[in-house]
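The numbers here are math on the coordinates, done by the rules we state, and not lab data. Because the structure is predicted, anything quoted here is derived from the model rather than measured. Please note: Cβ atoms are built from the backbone with ideal geometry, for glycine as well, and neighbour counts cover all protein chains shown.
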Amino acid sequence: MKRFGLIGHPLGHSMSPLIHTRIMAMAGIAGTYELFDIAPSRVQDAVPRLMRELDGFNCTIPHKETLAAMVAPAQAFGAVNTVFRGAGYNTDILGFRTCGIKLAGKNVLLLGAGGTARMMAHECRRAGAKTLTICARDAARADGLNACVVSYEHAFDATLQPDVILNSTPLGMWPNAWNMPCAAALLRPGIDVFDAIYNPCPTRLVLNAQKHGGRATGGLRMLVRQAIEAQRIWNPETAFDTAAIERALLPELFVEILRHSPLHILLTGFMGAGKTSVARQLSKRLNLACVDIDHEIETHCGCSIAHLFKRAGEAEFRRIERDLAQRVLTRGESSVVAAGGGLVISKENQKMIRETNTLVLNLDAPFDILWERVAGCPNRPLLQDAGQARELHAARRSLYLDFCDANFDACGTPADAIHARLTHAGN
Ligand code: S3P
């Protein structure tokens, strides 16, 4: 039985044991993967011992640089994340490289100037990027990276026209999943985006890049790939099928991340788009709680939506809807949530939703198809007149499209499409 592991401090919730166990099982390697939480003051003693006792190990924050000085730097770029027989490697860079972002001849915008950014800047130079612009809060950190360094505000001014955006900052990382590291206006058709964040996966940046016609890859893929590359180094005699490992692992990791980091997947769209039934199907497939905000309102008020409109008026309905939606979207358990069609229309509600860990997915369809589905439904007080309903749909459709992080065709099989997009983020 081979023994591998990870050193770092603190280790918190590391996904590496799960990832490595699965990779070893798929590749037929008999091995274990353990966590070693080692404080900086003990690294000098611990590393020689681990080198003797283990068949190889990974290293994470804050030891990557320390380790680079302690082992033979085979392929380390100043930061070691993999050790094998006394030599240090950096498989983060291999993981990033094998994600296949085309950098040659491109104008690259790199967000951030920390350790991951240094690795990415190195890779941009190696691959022959045309220009490299780094947005950094602290310009001094980008010293020596051979790039044009600008202040971070530039990430939010739409005058830059990069071909590629690489995010190495924590902007958009759980528990601030609503955040974006750059202006949405930079996300033009054809752009290539890589986001090193893997929680949530996908991030709003990844979804929004795809929504605007770009390609986007999330950090979960890099995480899996750096682990495969470490296993390759430790087990040079073994063949690894990267595509098969990803197919099996990405959906499993997606669910695992949602289990410990509450995130809400809010389905929006016009009446009849199928929000409730898609939410049900999706929640089953992802093994998540399913909440229907209209249903919450009816339970809370003890009457139907139609009755509430009649009894208290639309304004009162909206107030109750906002309160309950806020409660649902701040629950400490991940869920798939079906919104009522009017929830995301007001600016106030949009702001409230953006302050929670919520990804907004829209189900879009032309009016005639929706009308066929819902005409005459007694519990939809806003659908009693075809002309008015058509106008309402026309007024709302672009609001839905603007506000959502991803848009799906409500006429196809949206639950399948959403599942595929979320669990293989960045394909
Ligand atoms: C509404 C949509 C309904 C319900 C209420 C108001 C709207 O939900 O919340 O009748 O303003 O679009 P569905 O979209 O689930 O039908």
### Query
Under a plain spin-label model, where a point goes 7 Å from the Cα along Cα-to-Cβ, how far apart in nm are residue 176 and residue 37?
2.5 nm
### Query
Can you give the calculated 222 nm mean residue ellipticity of the chain, where each DSSP H run of n ≥ 4 adds -39,500 (n - 2.57) and the sum is split over every residue, rounded to the nearest 500 deg cm²/dmol?
-13000 deg cm²/dmol
### Share, in percent, of DSSP beta bridges within segment 1-108 that are antiparallel, nearest 5
25 percent
### Task
Would you calculate the separation in nanometres between label points at residue 45 and residue 395, each defined as 7 Å from the Cα along the Cα-to-beta-carbon direction?
7.2 nm
### Over segment 50-111: Kirkwood hydrodynamic radius from C-alpha pairwise inverse distances, Å
12.8 Å
### Value in Å of the Kirkwood radius, where segment 348-427 supplies the Cα pairs that are averaged
14.5 Å
### Query
Taking Cα pairs under 8 Å and at least six residues apart, what relative contact order does the chain come out at, in percent?
13 percent
### Net lengthening on full extension, residue 330/residue 137 (0.36 nm per residue, minus Cα-Cα)
66.5 nm
### Query
Using only Cα atoms, what is the ratio of the radius of gyration of segment 295-367 to 2.2 N^0.38 Å?
1.15
### Task
Work out the count of Lys pairs in segment 262-411 where the Cα-Cα distance is under 26 Å, with the pair 8 or more places apart or on different chains.
5
### Query
Reported to two decimal places, what Rg/Rh ratio describes segment 132-249 when computed on Cα atoms with Rh from the Kirkwood expression?
1.04
### Task
Pop the C-beta distance of residue 104 and residue 243 into the FRET formula with R0 = 25 Å and round what comes out to the nearest 0.05.
0.60
### Query
Helices from the chain with mean Kyte-Doolittle at least -1.0 and a Cα length along the axis of 24 Å or more, per DSSP H: which?
242-260, 386-403
#### Entry: Convex hull volume per residue in cubic angstrom - Cα atoms of the chain
148 Å³
### Query
List the lysines whose alpha-carbon lies under 20 Å from that of residue 130, not counting same-chain residues fewer than 8 positions away?
102, 106
### Query
Which percentage, to the nearest 5, of the DSSP beta bridges contained in segment 64-137 is antiparallel?
25 percent
### Query
How much FRET efficiency would the formula 1/(1 + (r/R0)^6) give for residue 125 and residue 386, where r is the Cβ-Cβ distance and R0 is 51 Å, rounded to 0.05?
0.25
### Query
Can you give the convex hull volume of the alpha carbon atoms of segment 14-136 per residue, in Å³?
122 Å³
### Message
5 Å is the cut-off here: which amide hydrogens, built 1.01 Å from N in the peptide plane, fall below it relative to residue 217, excluding neighbours closer than 5 in sequence?
### Response
193, 194, 195
### Message
What does DSSP give for the chain in terms of the percent of beta bridges that are antiparallel, rounded to the nearest 5?
### Response
10 percent
